[in-house]
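Student: Structure below; questions to follow.
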Amino acid sequence: MTAQTAPSPASTPVARASSDSGSAPRSGAPLVALEGIGKVFQNGTVALSGLDLSIREGEFVSLLGPSGCGKSTALRILAGLIPASRGAIGWAGGGDAEAHQRDIGFVFQEPTLMPWANVADNVYLPLRLRGVSRRAASQAIDSCLSLVGLEQFAKSYPRELSGGMKMRVSIARALSLRPRLLLMDEPFAALDEITRFKLNDDILRLQEEFGCTIVFVTHSVFESVYLSSRIVVMAARPGRIIAEIDVDAPRPRDRDFRTTPAYGDYCRAASEALHGAMGYDEHL
Amino acid sequence: MNVQTRNPAADPATHPADSATLALTTSDDAPRRGRDFTLALRIGLPLALFAIVVWSWETYVRVAGVPHYILPAPSRIMETMIADWPLLFGSLLQTLKTTFLGLSLAIMGGVGLAVLLSLSRAIEYSLYPYAVVLQVTPVVAIAPLLLIYLPQETAVLTCAWIVAFFPILSNTTLGLQSVDRNLLELFDLYGSARPKWAPRWLGSFIARVKALYYLRGPAALPYFLGGLKIAGGLALIGAVVAEIAAGSAGAGSGLAYRIIESQFRLNIPRLFAALVLLSVTGVIIFLAMSAFSHMLLRRWHESAISQEK
């Protein structure tokens, strides 16, 4: 159950190139490992201390925890958006982290779209920054937009879209570079429940089609159980991992999974771990 | 459990949905009529007020027999405008030339400096205070000095530039800084990769230029256009102030100079005619800037989007 950093020789060899568009491997080769990551902000806040987490190829890992437990911070460190105070990030295949971080797609809590650009140009941004011409990128843009079901809205502007649609544009943008690792920082927290359910199904389908690894920050127990192959429960002050729960329910999952007894069991287990994280047992 | 599927087409005469549709239609119509009415009022009321004022003015001058060198009647002003048109039009062109040249230079200087300030803290710290000093010193007080050191046309142009420059600089600077933080992070993630051959400082400079082009520039556009709207009017004011300051020196030929000249010669109808031309010019500049701004922003910026009801 704990993080395993060494590649186990018994694990099935998985082609690292994204050639396999079939079902995502449940537990592939190690992709990246955070080793003893600590983060102290300039104002002295200890956001993370001694965080060990290893992500395997094709996994869907949820970071679940109360606010202030450093789950977003961990995600940002993984993406290279902020430096860690101590510890190391080890990528499969070695090499410096910067090179690997170019293979990351990131989705923020807000859609974070450019209001002056239409949907297609918003999705084009990462490619444009990599120097891909608009002509060469057009097919990638179209396929990303159809992955999230927005192909008819390529010429729309963000203000003309609903909150859920904006978030799907944001996801399409993160997919435009065909990342091996997709990091999502509470992407659906600001959406209503109906839209969130819909997007949860979308993201599961995307992972099936796309075969990328996803690390997903959330504070919703139900969302984490529904989506994840592994839930990492974190506690605050200082931010640390207190439990890991493997969700062994079969994939692909659909709405019916929510009505199975296993779903209920996992939700209960995750809730109990979360209560522990929030220190409820100390008050009893 | 009683789940009822609504089908308004099934029984249109008695179905409650029908009356709902009816109510919707009326409530949909009412605000539209209201809007049209508001528009008519917004155009009609000021025009009516204008007509009343002009008519009262005309009547007062005629009835009281006010001499035209004290207060000319509107009709007299119109006659003068037509009679003196070649002279006034020449002056108008001169003032317009100063205004637009001043405004263009202010745009170049303001935007250019704002970009420099956004690229380097050192430049920002050293230059910005002086831009403020330039702005807060009343231009009327600088104009006589400029007229001593510079040829008259250049001095007038410089005045127009000084007053139009600051709103563009300050607004554009603010705009360049008001990019969504998350977008900048996204940019770090996707855009900060520096070429292998570049040293670190050059890499970060390239990243800054890219961020400027892709994110800060477009984000600053609404702010810049807001500054431009103010600057357009101010450039005209600056040009007029400088012309008036230069007026006694004699060689000018702009509209403000005509006003001074008419005052000396007690040609009050011409003074009024020149004044009317100046006002109309100011209004046209403002409308042109607003239309330009609307054209650039109408697809995406909140300020340019009409309220949907």
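Student: Roughly how many nanometres apart are two label points built 7 Å out from the Cα toward the Cβ at B:Gln263 and B:Met78?
Tutor: Output for this residue pair reads 2.8 nm.
Student: Sort the following peptides by mean Cβ neighbour count (other Cβ atoms within 10 Å, averaged over residues), highest first: A:238-246, B:129-137, A:157-165, B:266-274. Write down the numbers at each step before the final one.
Tutor: Details: A:238-246: 18.3, B:129-137: 12.2, A:157-165: 16.3, B:266-274: 21.2.
Sorting A:238-246, B:129-137, A:157-165, B:266-274 by mean packing, highest first, produces B:266-274, A:238-246, A:157-165, B:129-137.
Student: Read phi for every residue in region A:89-95 and hand back ³J(HN,Hα) as whole Hz from Karplus 6.51 cos²θ - 1.76 cosθ + 1.60, θ = phi - 60°, with x for Gly and Pro.
Tutor: 10, x, 9, 4, x, x, x
Student: Something else now. Here is the link list: A:Lys71/A:Lys166; A:Lys39/A:Lys71; A:Lys39/A:Lys166. Which ones come out longer than 22 Å on Cα distance? Display every interim value, and only then the final one.
Tutor: Numbers: A:Lys71/A:Lys166 24 Å; A:Lys39/A:Lys71 11 Å; A:Lys39/A:Lys166 32 Å.
In this structure, A:Lys71/A:Lys166; A:Lys39/A:Lys166 exceed 22 Å between Cα atoms.
Student: Which residues in region A:238-278 place their backbone N less than 13 Å from a point set 7 Å from the Cα of A:His219 along the Cα-to-Cβ direction?
Tutor: Counting backbone N atoms under 13 Å from the label point, the list is A:278.
Student: In nanometres, what is the gap between the two model label sites at A:Asp103 and B:Val66, each 7 Å from Cα along Cα-to-Cβ?
Tutor: About 8.4 nm, to one decimal.
Student: Using only atoms on other chains, find how many Cβ atoms lie within 10 Å of each Cβ of peptide A:97-106 and report the average. Write down the numbers at each step before the final one.
Tutor: Working: counts 0, 3, 1, 0, 4, 4, 0, 2, 2, 6.
Averaged over the peptide's residues, the number is 2.
Student: For the protein assembly as shown, what proportion of DSSP beta bridges, expressed in % and rounded to the nearest 5, is antiparallel? Numbers along the way, then the final one.
Tutor: Working: 18 of 37 bridges.
Given both bridge residues lie in the protein assembly as shown, the antiparallel proportion sits at roughly 50 percent.
Student: Follow-up question, since we're still on this one. Shape of chain A from its Cα gyration tensor (a ≥ b ≥ c, root eigenvalues): rounded if a/c is under 1.5, otherwise prolate when a/b > b/c, or oblate? Working shown, then result.
Tutor: Details: a/c = 1.43, a/b = 1.33, b/c = 1.08.
Rounded.
Student: Order of B:170-178, A:71-79, B:141-149 by packing, highest average Cβ count within 10 Å first? Don't skip to the end; give the middle numbers.
Tutor: Working: B:170-178: 20.3, A:71-79: 23.0, B:141-149: 14.4.
Answer by packing, highest mean first, reads A:71-79, B:170-178, B:141-149.
Student: Once each part is reduced to its C-alpha centroid, what is the distance from region B:217-241 to region A:235-263 in angstrom?
Tutor: Using only Cα atoms, the two centres lie 56 Å from each other.
Student: May I ask for the distance between the Cα centers of region B:132-178 and region B:59-79, given as a whole number of Å?
Tutor: So the separation of the two Cα centres works out to 39 Å.
Student: 5 Å is the cut-off here: which amide hydrogens, built 1.01 Å from N in the peptide plane, fall below it relative to A:Val32, excluding neighbours closer than 5 in sequence?
Tutor: The answer is A:Ile55, A:Ala92.
Student: Let me ask another. Using the crude model of +1 on Lys and Arg Cβ and -1 on Asp and Glu Cβ, and no other charge, please compute the dipole size for region A:64-140 relative to its Cα centre, in debye to 20. Can you show the working numbers first?
Tutor: On the way: 8 positive and 5 negative charges, 20 e Å.
It comes to approximately 100 debye.
Student: For A:Arg196, what charge total do you get from the other residues with a beta carbon under 14 Å from its beta carbon, if Lys and Arg give +1 and Asp and Glu give -1?
Tutor: Working: positive: A:Lys166, A:Arg168, A:Lys198, A:Arg255, A:Arg258; negative: A:Glu186, A:Asp192, A:Glu193, A:Asp201, A:Asp202, A:Glu223.
It works out to a net charge of -1.
Student: If you take each beta carbon of peptide A:76-88 and count the beta carbons of other chains within 10 angstrom, what is the mean?
Tutor: Values: counts 2, 0, 0, 3, 3, 5, 2, 0, 0, 0, 0, 0, 0.
Counting other chains' Cβ atoms within 10 Å and averaging over A:76-88 gives 1.
Student: Please average, across the residues of A:112-120, the number of beta carbons from any other chain that are within 10 Å of each residue's own beta carbon, and give a whole number. Mind dumping the intermediate values first?
Tutor: Details: counts 7, 4, 9, 10, 11, 4, 2, 0, 0.
Mean shielding by partner chains, rounded to a whole number: 5.
Student: Another question, then. Counting each DSSP H run of 4 or more residues in chain A as -39500 (n - 2.57), what helix-only mean residue ellipticity at 222 nm follows after dividing by all residues, to the nearest 500 deg cm²/dmol? Can you show the working numbers first?
Tutor: Working: 9 runs with 98 residues, N = 284.
Calculated from helices alone, the mean residue ellipticity at 222 nm is -10500 deg cm²/dmol.
Student: When the Karplus curve 6.51 cos²θ - 1.76 cosθ + 1.60 is applied with θ = phi - 60°, which whole-Hz ³J(HN,Hα) does each residue of region B:111-125 get, with x for Gly and Pro?
Tutor: Calculated HN-Hα couplings, in order: 5, x, 5, 4, 5, 4, 4, 6, 8, 9, 4, 4, 5, 4, 4 Hz.
Student: Using the charge dipole of region B:72-304 (Lys, Arg: +1 at Cβ; Asp, Glu: -1 at Cβ; taken about the Cα centre), state which of B:Tyr149, B:Val163, B:Ala242 has its Cα farthest towards the positive end.
Tutor: Most positive-ward Cα: B:Val163.
Student: Starting from the Cα of B:Val136, step 7 Å along the direction of its Cβ; do the same at A:Asp254; then give the gap between the two resulting points in nm.
Tutor: 7.0 nm
Readers should treat all values here as calculations from the given coordinates under stated rules, not as data from a laboratory. Computed from a prediction, not measured in an experiment: that's the story for all the values here. Cβ: placed from backbone, ideal geometry, glycine included. Neighbour counts: every protein chain shown.
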